[in-house]
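Novice: Quick one: the structure is below, and I'll ask about it shortly.
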Amino acid sequence: MPNKIHLTVATVVEKDGQFLMVKETKDGRQMINQPAGHVEPGEDILAAALRETYEETGWVVSLTGFLGISTYRAKSTGVTYYRLTFSAVPVHFDGDAVIDPDIDVALWMSVADLQSTPELMRSPAVLNCLDDFLAKRIFPMEIFRNTL
């Protein structure tokens, strides 16, 4: 079993009833995820969420709340991921941004589109945090204390 922690961040970004998502291909299979990625050693968690969203989509966003922590063990690798998910609003799109090469495409999707294809979600956290967002189970950002 892998002996390191995989701490990740993700953002649920909503605009006009659509959600910012990415399609990425892993192990030959295209999957859907929120903009997400690993927190780098020494990096602030909030900065990581902003950075990953930008690197994967070209969108600059503003974090508005915290949706919670989820865990997931990938069956194919045995790796356990600890995911902190934030709600965010889009600020502006940078058409010149260099998108992470692991991302096939960033796109806006409706709730109906996402809920109709659960088998395409990268992990159960994708729909779980969307449900939390829709139910307004959002914690204030003041719960984070940055001392970095």
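The values are calculated or read from the model by the stated rules, or taken from the named source; none is laboratory data. All values derive from a computational prediction rather than experimental measurement. Note that each Cβ is placed from the backbone with ideal geometry, even for glycine, and that neighbours are counted across all protein chains shown.
Novice: Anything in segment 4-46 that is over 14 Å from CYS129 (Cα atoms), small (Gly, Ala, Ser) and either buried (at least 21 other Cβ atoms within 10 Å of the Cβ) or touching a strand residue (DSSP E or B) at 6+ places or on another chain (Cβ under 7 Å) (or both)? List them, or say none.
Specialist: Residues satisfying the conditions are GLY17, GLY37.
Novice: To continue, here is another question. Condition test on PHE133, is it in contact with a Leu (Cβ under 8 Å, 6 or more places away or on another chain), modelled with pLDDT of 95 or more and not in a strand (DSSP E or B)?
Specialist: Values: in contact with a Leu (Cβ under 8 Å, 6 or more places away or on another chain): yes; modelled with pLDDT of 95 or more: yes; not in a strand (DSSP E or B): yes.
Judged against the criteria, PHE133 is a match.
Novice: Within segment 1-119, considering only strands (runs of 3 or more DSSP E) that don't extend past its boundaries, which have at least 3 residues that are touching a Ser or Thr at 6+ places or on another chain (Cβ under 9 Å), within 19 Å of ILE143 (Cα to Cα) and not aliphatic (A, V, I, L, M)? Talk me through it step by step, then tell me what you get.
Specialist: Numbers: elements: 6-15, 18-26, 29-33, 36-38, 59-73, 80-93, 103-110.
Output list reads 59-73, 80-93.
Novice: Looking only at segment 112-125, decide whether some residue is out of contact with any Phe, Trp or Tyr (no Cβ under 6 Å at 6 or more places or on another chain) and of a type in the set (Ser, Thr, Tyr).
Specialist: Yes, that holds for at least one residue.
Novice: Also: Please tell me if ASP104 is among the acidic types (Asp, Glu), touching a helix residue (DSSP H, G or I) at 6+ places or on another chain (Cβ under 9 Å) and modelled with pLDDT of 95 or more. Don't jump to the end; show me each part of the working.
Specialist: On the way: among the acidic types (Asp, Glu): yes; touching a helix residue (DSSP H, G or I) at 6+ places or on another chain (Cβ under 9 Å): no; modelled with pLDDT of 95 or more: yes.
So ASP104 does not fit the description; no.
Novice: Let me ask you something else. Give the residues of segment 67-80 that are touching a helix residue (DSSP H, G or I) at 6+ places or on another chain (Cβ under 8 Å) and surrounded by fewer than 21 Cβ atoms within 10 Å (Cβ to Cβ), sorted by residue number. Explain how you work it out, then say what you get.
Specialist: Pass one, segment 67-80, residues touching a helix residue (DSSP H, G or I) at 6+ places or on another chain (Cβ under 8 Å): 67-68, 70, 72.
Within segment 67-80, GLY68, SER70, TYR72 meet the criteria.
Novice: Surrounded by 14 or more Cβ atoms within 10 Å (Cβ to Cβ), in contact with a strand residue (DSSP E or B) (Cβ under 8 Å, 6 or more places away or on another chain) and closer than 22 Å to LYS4 by Cβ: does that describe ALA106? Don't jump to the end; show me each part of the working.
Specialist: Working: surrounded by 14 or more Cβ atoms within 10 Å (Cβ to Cβ): yes; in contact with a strand residue (DSSP E or B) (Cβ under 8 Å, 6 or more places away or on another chain): yes; closer than 22 Å to LYS4 by Cβ: no.
Considered against the rule, which asks whether it is surrounded by 14 or more Cβ atoms within 10 Å (Cβ to Cβ), in contact with a strand residue (DSSP E or B) (Cβ under 8 Å, 6 or more places away or on another chain) and closer than 22 Å to LYS4 by Cβ, ALA106 comes out as no.
Novice: Scanning segment 47-66 for residues that are touching an Asp or Glu at 6+ places or on another chain (Cβ under 6 Å) and at negative phi, which turns out surrounded by the fewest Cβ atoms within 10 Å (Cβ to Cβ)? Can you show your working first?
Specialist: In the first step, residues of segment 47-66 are kept if they are touching an Asp or Glu at 6+ places or on another chain (Cβ under 6 Å); the result is 55-56, 58.
Okay, now just the ones that are also at negative phi, so 55-56.
On the way: GLU55: 16, GLU56: 25.
For segment 47-66, the residue satisfying everything is GLU55.
Novice: Specify which of the listed residues (ARG122, ARG145) is of a type in the set (Lys, Arg) and either surrounded by 11 or more Cβ atoms within 10 Å (Cβ to Cβ) or closer than 17 Å to ARG51 by Cβ (or both).
Specialist: Working: ARG145 fails: either surrounded by 11 or more Cβ atoms within 10 Å (Cβ to Cβ) or closer than 17 Å to ARG51 by Cβ (or both).
Answer to the selection: ARG122.
Novice: State all residues of segment 58-88 that are more than 21 Å from PRO124 (Cα to Cα) and either free of Cβ contacts under 8 Å to residues at least 60 places away in the same chain or of a type in the set (Gly, Ala, Ser) (or both); if no residue qualifies, say none.
Specialist: If we filter segment 58-88 for residues that are more than 21 Å from PRO124 (Cα to Cα), which is where we start, we get 58-64.
Answer for segment 58-88, where residues must be more than 21 Å from PRO124 (Cα to Cα) and either free of Cβ contacts under 8 Å to residues at least 60 places away in the same chain or of a type in the set (Gly, Ala, Ser) (or both): GLY58, TRP59, VAL60, VAL61, SER62.
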